[in-house]
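Encoded as structure tokens, here's the structure I'll be asking about.
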Amino acid sequence: MTKNNSVFPKFLVTLGAKFLWRSTLLSACFFSPMSIADDSHKLLSEPYHLDSPLQSRTISFENPTGAKGEGGKASSPLGQGRKGSPARLLAPGETVELANIQGSGTIRHIWATTFPVPAFLRGAVIRGYWDGQEHPSIEAPLGDFFGFAHGKATSFQSAVHSVGPKAGMNIWLPMPFNKAARFTITNELPQPMPFFYQIDYTLGDRHSEKVGRLHVNFQRQNPTTKTKDFSLLPKRTGKGRFIGTVIGVRPSDTNWWGEGEMKAYIDGDDKFPTLNGSGAEDYVGLSWGLQDSAFLYNGASYREKGDDGDTGRISMYRWHLRDPIYWQEEAHITIQQIGHNGDTPTTLEEYLSDLYEREDDWSAASFWYEAIPSATLPQLPALKSRIADLPAAEEAAH
């Protein structure tokens, strides 16, 4: 491994100051046992429960296989087992296998970090594969997978993610598997990238063959097309459950952009959906525009404030954990791009007359569960498209 002398020394100096932090309360609040068998639900509801068949495991660069008694074997100048392999410097274009777990189990938590710059957080891609399926069920930029858009890491917590001020990134959704689980990371940038990670999981979980596996898909349209609604969930067939989405918006002008409605087409819906919202900020549980507010199941974790008010980049999210969206046969979820160009209306008619179709820069990392075998995901946008118009990201990609 060739070190980048201008970056890596500082990276090593600051290494000791980084730490992994957990949020048991958040995990306990949102996820029921669902299809995870055994006593898995007692991990949180009854933490004193000791009679469990589950085996605890962790994978990191210090124990890349997660095998029992195999952690911390690498050596440093302090000796063997004294912080010998805490991280890797990913070469340009390099793909590293982060986990290749055999057997039945559940990934309970993933932590990762790198330098908190947009290029790394949008330029690196996480992929996850379940039970030997050749194509990934998870494919998303690093930052979006961990809960925030635009490669802009800000400190916040939700029922699914928690992120520290310097891109200490966590995801808490349980990820069951029956035969195997495999994760990779690819550095698509033309420069090396430091990377730390830890995957915490249990072995011995008993799942049905039809248990939902976590799926994550990222899409970006820059700009969107007028009157063609942006897709949050690509069309999926078979049974599934929509968990939620992390949305990024970069408005194209100073008018209010968020009047578009979320629409969930499920199980045979054609022209009109069964589930219909009333506006973008309404969909993420806010009102009268967006405010700095990161709640368990909804909110905005980042607002870029400009001279004209909230006209810059927005990162917001919505988790359907207490209000599930199930489908039995098929589903497709979209959101409209509609703006409002008037002052505060005094009547409904005045409000409606000031609506207009618009084009903006939208992205979404959406999360759902479905059984496998499952269909391939829509194609991931190329690096150039992912990092275009991000703050300082384009310069880092050259």
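The values are calculated or read from the model by the stated rules, or taken from the named source; none is laboratory data. Treat the numbers as computed from the prediction; the structure is a model and nothing was measured. Note that we place each Cβ from the backbone using ideal geometry, even for glycine, and neighbour counts take in every protein chain shown. Accessible surface is based on the protein model in full, side chains and every heavy atom, while ligands, DNA and RNA are left aside. Shrake-Rupley method; radii C 1.70, N 1.55, O 1.52, S 1.80 Å.
Got at least one residue in segment 318-341 being touching a Lys or Arg at 6+ places or on another chain (Cβ under 6 Å) and small (Gly, Ala, Ser)?
So far as segment 318-341 goes, yes, one or more of its residues are touching a Lys or Arg at 6+ places or on another chain (Cβ under 6 Å) and small (Gly, Ala, Ser).
With of a type in the set (Lys, Arg) and modelled with pLDDT of 95 or more as the only criterion, which of 303, 358 stands out? Quick ask: steps written out before the conclusion?
Working: 303 fails: modelled with pLDDT of 95 or more.
That would be 358, the only listed residue that is of a type in the set (Lys, Arg) and modelled with pLDDT of 95 or more.
Can you confirm whether residue 97 is among the charged types (D, E, K, R), modelled with pLDDT of 95 or more and surrounded by fewer than 16 Cβ atoms within 10 Å (Cβ to Cβ)? Show your work before the answer.
Values: among the charged types (D, E, K, R): yes; modelled with pLDDT of 95 or more: yes; surrounded by fewer than 16 Cβ atoms within 10 Å (Cβ to Cβ): yes.
Spelling it out, residue 97 is indeed among the charged types (D, E, K, R), modelled with pLDDT of 95 or more and surrounded by fewer than 16 Cβ atoms within 10 Å (Cβ to Cβ).
If a residue must be surrounded by fewer than 20 Cβ atoms within 10 Å (Cβ to Cβ), touching a residue at least 40 places away in the same chain (Cβ under 8 Å) and over 21 Å from the mean Cα position of the chain (by Cα), how many such residues does segment 210-243 contain?
Count: 9.
Would you tally the residues in segment 64-80 being among the aliphatic types (A, V, I, L, M) and within 18 Å of residue 103 (Cβ to Cβ)?
Step one: of segment 64-80, the residues among the aliphatic types (A, V, I, L, M) are 67, 74, 78.
Cutting the leftovers down to within 18 Å of residue 103 (Cβ to Cβ) gives us 67.
Looking only at that region, the number is 1.
Would segment 53-66 turn up any residue that is open to solvent by 40 Å² or more (accessible area, probe 1.4 Å), in a loop (DSSP other than H, G, I, E, B) and hydrophobic (A, V, I, L, M, F, W, C)?
First, pick out the residues of segment 53-66 that are open to solvent by 40 Å² or more (accessible area, probe 1.4 Å): 53, 55-58, 62, 64-65.
Retained after the next criterion (residues that are in a loop (DSSP other than H, G, I, E, B)): 53, 62, 64-65.
Cutting the leftovers down to hydrophobic (A, V, I, L, M, F, W, C) gives us none.
Checking segment 53-66: not a single residue is open to solvent by 40 Å² or more (accessible area, probe 1.4 Å), in a loop (DSSP other than H, G, I, E, B) and hydrophobic (A, V, I, L, M, F, W, C).
In addition: Give me the pairs: first residue in segment 265-280 and farther than 14 Å from residue 242 by Cβ and open to solvent by 70 Å² or more (accessible area, probe 1.4 Å), second residue not in a loop (DSSP other than H, G, I, E, B) and not polar (S, T, N, Q), beta-carbon distance under 6 Å, and six or more apart or on different chains, which are they?
Listed pairs, sorted by first residue: 276/263.
Please go through segment 282-292 and give me each residue that is modelled with pLDDT under 95 and open to solvent by less than 50 Å² (accessible area, probe 1.4 Å), ordered by number.
Of everything in segment 282-292, those that are modelled with pLDDT under 95 and open to solvent by less than 50 Å² (accessible area, probe 1.4 Å) turn out to be 289, 290.
Is there a residue being in a loop (DSSP other than H, G, I, E, B) and in contact (Cβ under 8 Å) with a residue 24 or more places away in the chain anywhere in segment 120-129?
Of segment 120-129, the ones in a loop (DSSP other than H, G, I, E, B) are none.
Looking through segment 120-129, none of the residues is in a loop (DSSP other than H, G, I, E, B) and in contact (Cβ under 8 Å) with a residue 24 or more places away in the chain.
Continuing with this model, one more query. Among (1) in a loop (DSSP other than H, G, I, E, B); (2) within 19 Å of residue 191 (Cα to Cα), there is one condition residue 136 misses while meeting the rest; what is its number?
That leaves (2) as the condition not met.
Something else now. Taking residue 147 and the conditions (1) part of a strand (DSSP E or B); (2) in contact with a His (Cβ under 8 Å, 6 or more places away or on another chain); (3) crowded, with 23+ Cβ neighbours inside 10 Å, which numbered condition does it fall short on, given that it satisfies the others?
(1)
Filtering segment 319-344 down to residues that are out of contact with any Leu (no Cβ under 9 Å at 6 or more places or on another chain) and crowded, with 16+ Cβ neighbours inside 10 Å, which residue is nearest to residue 263 (Cα to Cα)?
Per the criteria, the residue is 336.
Ok, one more. Is it true that some residue in segment 153-176 is open to solvent by 10 Å² or more (accessible area, probe 1.4 Å), closer than 26 Å to residue 208 by Cβ and not β-branched (Val, Ile, Thr)? Talk me through it step by step, then tell me what you get.
Kept after step one, since they are open to solvent by 10 Å² or more (accessible area, probe 1.4 Å), are these residues of segment 153-176: 153-157, 165-166, 168, 172, 174.
The next check asks that each one be closer than 26 Å to residue 208 by Cβ; those that pass are 172, 174.
Restricting the remaining residues to those that are not β-branched (Val, Ile, Thr) gives 172, 174.
Among the residues of segment 153-176, at least one is open to solvent by 10 Å² or more (accessible area, probe 1.4 Å), closer than 26 Å to residue 208 by Cβ and not β-branched (Val, Ile, Thr), which makes the answer yes.
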